[in-house]
Amino acid sequence: EIVDAILSSVKLLDDFVMDVYTLDFDGGEGGALHSSKLLRQAEFFAKAVATMIEACNIDDSKGGITIVAHSIGAWAVRIALKMHPHLLSKGWVRNVITLASPLGELPYAVDAGVRDIIRHLNDDNNDHGDICIISISAGLRDEMIPPESCQIPPSVVDSNGTVTETILVSTMVSAKENSVTHQSIESGFGMDHRAIVWCYAQLKRVREVIFSLVVTTDQGIEGKERRNIAKHILLQNFSLSSSFQSEVIAQRNRFLQQNSYYNAVAIQLAAPYHLNSLLKLIVL
């Protein structure tokens, strides 16, 4: 009944007004390569949330702030939530949507400090808050982040009040909704790393999810049910039973079917996240 009510409300989404605030990180392009920069960005995020809470007069009884993070911005969010647990305990942050974000691991050679941060985030989950994280992967066309890296590690999934869901963008967006990305989405391979933040069809679905998360949070619905409702809205035209892993495997199989084995390998190795593998081949 709740899902049906939300779906019927989504049809009236034009009346839904959001106050949107954006954070401009200092040196965001290289943030993933330096642990000190990541920590500064996390502190900036935490202060920004506190400022918005005060300025918008959001108390504990309200739904808090819904965060949408792209790429490495999700790390800044997760680090801030770990370093400042009051963001969760006070209900200031209840829902997070990540776009093409490497939540599991970063497929690049980075400094030891970044590796330590990743290990701490994924191996020691003490968030203790009612938070729902929806991770949207751009798929095989993402030249920066492989889809597997967007999946939240098992150590974090549904633990200590943290509930998660990982979805391929090609699964949730219909090719007919956007002519610019028609060919890439229709082929089932997703979109590139930047397109996921400007593709109208993608942002339209994200807006529906934000709406559902805000409504359900305001009604006091717990994170697991909020996640289920958001998933239902994202995948209402597709099978809800398919797992993220099976969708990724199916996407890779389609890619191999449309390309020869050697062409597929060459295309994949051209992606920056395969740099380490390419260097090993050169050395051999």
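Quick note: the coordinates plus some simple rules give every number you see, no bench work behind them. Source: prediction; values computed, not measured. When we count neighbours, we look across all protein chains shown, and the Cβ atoms used for this are built from the backbone with ideal geometry, even at glycine.
Between Thr51 and Glu148, residue separation times 0.36 nm minus the direct Cα-Cα distance comes to 31.5 nm. With each label modelled as a point 7 angstrom along the Cα→C-beta vector, the Leu203-Ser242 pair spans 2.6 nm.
Pairs exceeding a 23 Å alpha-carbon distance, out of Lys37/Lys224; Lys37/Lys82; Lys82/Lys231; Lys47/Lys224; Lys204/Lys231: Lys37/Lys224; Lys82/Lys231; Lys47/Lys224. The packing ranking of peptides 205-216, 137-148, 246-257, highest mean first, is 137-148, 205-216, 246-257, where packing means the average number of other beta carbon atoms within 10 angstrom of each residue.
First measure r as the distance between the Cβ atoms of His86 and Gln258, then evaluate 1/(1 + (r/R0)^6) with R0 = 45 Å and state the FRET efficiency to the nearest 0.05.
Values: r = 50 Å, r/R0 = 1.11.
Approximately 0.35, to the nearest 0.05.
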